[in-house]
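Down below is the structure, laid out as structure tokens.
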Amino acid sequence: MSVRRGIGFQRAVIFFLRITLGWVFALSLGFKYKKRKPRSDAYLVLSNHNSDLDPIWVIMGTGRHARFVASANLMKGFSGWLLKTFFGPIPRNKGAEADATVDLIEKNLREGISVAMFPEGNKSWSGETGYISPRTARLVKDSGAGLVTYRLDGDYMKFPRWARYPRRGPVFGTFVRELTPEEIKRKSEQEIYEIICNDLHTDAYAFQREKHIKYKGKNLAEGLELAAYVCPCCKKFDSIKTKGDVVFCDCGMKATLDEEGFFHSDTLPFTDLLTWSRWEKSYLFEHRAEYSGAITTDEGLVFSLNGKRLSSDAKANVFPDRIEIDAEKKYVFPLADVRKMGAFRTTRVFFTCADSSYAELFKESGISGVKYFTLWRIFSGRSLF
């Protein structure tokens, strides 16, 4: 099937929505930007990623149509059919190999169709731009298209990935840079990679220390236990609890989260979640040899393997060397055999094993994708980036 199928209709849809409803979205949701159209006929636009509305911000800021790379989970059912018909996104299976997605991106660009993607592959859990694969720079070099880098600030504080409720406050869009195809040819892959990483890097808390913007909402701390899963005071796993604006542990640790995103406490040694997140990773890495039994347990999970649901009440245990899932029978996945791992919002964790089996864990009330990812990286001997 040609990648150009439906492109005229999809461009018309984007144009219509941008000129009729775009200003309404920008005004009502607090998006602040200066539109700047790219010079290249076709380009790959890369942006950091913190909210489901990021595609709207990028289209508003660049003023032109682009097909987005999006999670395949968004393309199921009737809503997925609407998304594919009106916008033609390029599907990406999280926690699986990306070769097919890369092929589709290159085909679109070669056909003169611009593509937008979030090279982190996931929304940030802690407010800092995540790891970007060097393969992204190779894609830019091989595509023959232009490159646009677009940075978003404020969207993490407005829509924290872990939070149960959004906040009210501004999002800032910045058209950072455009490289034409001719300029890309004169640069090395490493130079392009450094440009991408530097242009898209954000630290939400450094931004807040400079701007002091209040993001108002209700129950500001609820859900934070999905991102902060080790107590820095007692070092226990899965002991963090939240209620209203308060995060606490049975050991006596207690902190209040304010509207600027910072903690206030006599017991918590951190003032922001990013510092807490960095400590968690360092602590687990330094003490990895001390763990022997189950490190963490999640219950009441929907468990699927290779697309087939095997249980609606499974239990997952992560050990230093394996993930065990108790459904009607026990399934064991050695961490060394897990090749890819990803998460969708706060409800799903996916991973692909060496034998190409594809496992999915789902929990409506929330499951910590960053917890599973961190444990997998540390205990399988991989770097933490």
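The values are calculated or read from the model by the stated rules, or taken from the named source; none is laboratory data. In this text, all values refer to a predicted model and were calculated from it rather than measured experimentally. All Cβ positions, glycine included, derive from the backbone under ideal geometry; neighbour counts span all protein chains shown. Calculation scope for accessible area: heavy atoms of the full protein, side chains included, ligands and nucleic acids excluded. Shrake-Rupley method; radii C 1.70, N 1.55, O 1.52, S 1.80 Å.
Computed quantities for the displayed model
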{"item": "Base-10 log of normalised Debye intensity for region 284-362 (one unit scatterer per alpha-carbon) at q = 0.14, 0.25, 0.27 Å⁻¹", "result": "-0.45, -1.32, -1.44"}
{"item": "Accessible surface of region 242-298 [probe 1.4 Å, protein heavy atoms]: carbon and sulfur percent", "result": "48 percent"}
{"item": "CYS234, CYS251, reordered so the largest accessible area comes first (probe 1.4 Å)", "result": "CYS251, CYS234"}
{"item": "Between helix 7-20 and the chain: long-axis angle, C-alpha atoms, 0 to 90°, nearest 10", "result": "80 degrees"}
{"item": "Separation between Cα centres of region 282-335 and region 3-41, rounded to whole Å", "result": "43 Å"}
{"item": "PHE68 long-range amide H proximity, modeled H, under 5 Å", "result": "ILE90, ALA116"}
{"item": "Of LYS37/LYS281; LYS243/LYS281; LYS32/LYS363, pairs whose Cα-Cα distance is over 29 Å", "result": "LYS37/LYS281; LYS32/LYS363"}
{"item": "Relative contact order computed over the chain (Cα-Cα under 8 Å; 6+ residues apart), in percent", "result": "14 percent"}
{"item": "Selection from THR256, PRO269, CYS231, by position along the positive dipole direction of the chain (Cβ)", "result": "THR256"}
{"item": "Three-way shape call for region 157-264 based on the alpha-carbon gyration tensor, with the a/c threshold at 1.5", "result": "prolate"}
{"item": "Whole-percent carbon and sulfur share, accessible surface of region 23-67, 1.4 Å", "result": "59 percent"}
{"item": "Solvent-accessible surface ranking, highest first, for HIS264, HIS287 at 1.4 angstrom", "result": "HIS264, HIS287"}
{"item": "Accessible-area composition of region 129-189, carbon plus sulfur, in percent [1.4 Å probe]", "result": "46 percent"}
{"item": "Two-decimal log10 I(q)/I(0) for the chain, as the Debye equation yields it once each C-alpha is a single scatterer, q = 0.11, 0.13 Å⁻¹", "result": "-0.84, -1.17"}
{"item": "Under the Karplus curve 6.51 cos²θ - 1.76 cosθ + 1.60, θ = phi - 60°, whole-Hz ³J(HN,Hα) for region 132-140, x wherever Gly or Pro sits", "result": "10, 5, x, 4, 4, 5, 5, 4, 4"}
{"item": "Region 30-158, dipole about Cα centre (Lys/Arg Cβ +1, Asp/Glu Cβ -1), debye to the nearest 20", "result": "460 debye"}
{"item": "Dipole magnitude (debye, nearest 20) for the chain, charges at Cβ of Lys, Arg, Asp, Glu", "result": "1320 debye"}
{"item": "Accessible area (Å², 1.4 Å probe, nearest 10) - LYS214", "result": "110 Å²"}
{"item": "Per residue accessible area in Å² of the chain, where ligands, DNA and RNA are left out and the probe is 1.4 Å", "result": "46 Å²"}
{"item": "Only Lys, Arg (+1) and Asp, Glu (-1) charged, at Cβ; region 40-92 dipole about Cα centre in debye", "result": "180 debye"}
{"item": "Filtered trypsin sites (Lys or Arg not before Pro), region 41-92: DSSP coil and at most 11 other beta carbons within 10 Å", "result": "LYS76"}
{"item": "Scattering curve values for region 250-385, log₁₀ I(q)/I(0), Debye with Cα scatterers, q = 0.16 Å⁻¹", "result": "-0.90"}
{"item": "Percent breakdown of C-alpha pair distances by 10 Å bin, ordered from the shortest bin, for region 1-109", "result": "12, 44, 36, 7"}
{"item": "Region 135-205 - convex hull of the alpha-carbon atoms, volume per residue in Å³", "result": "102 Å³"}
{"item": "Positive dipole terminus of the chain, leading residue within GLY244, PHE379, ILE19 (C-beta point charges)", "result": "ILE19"}
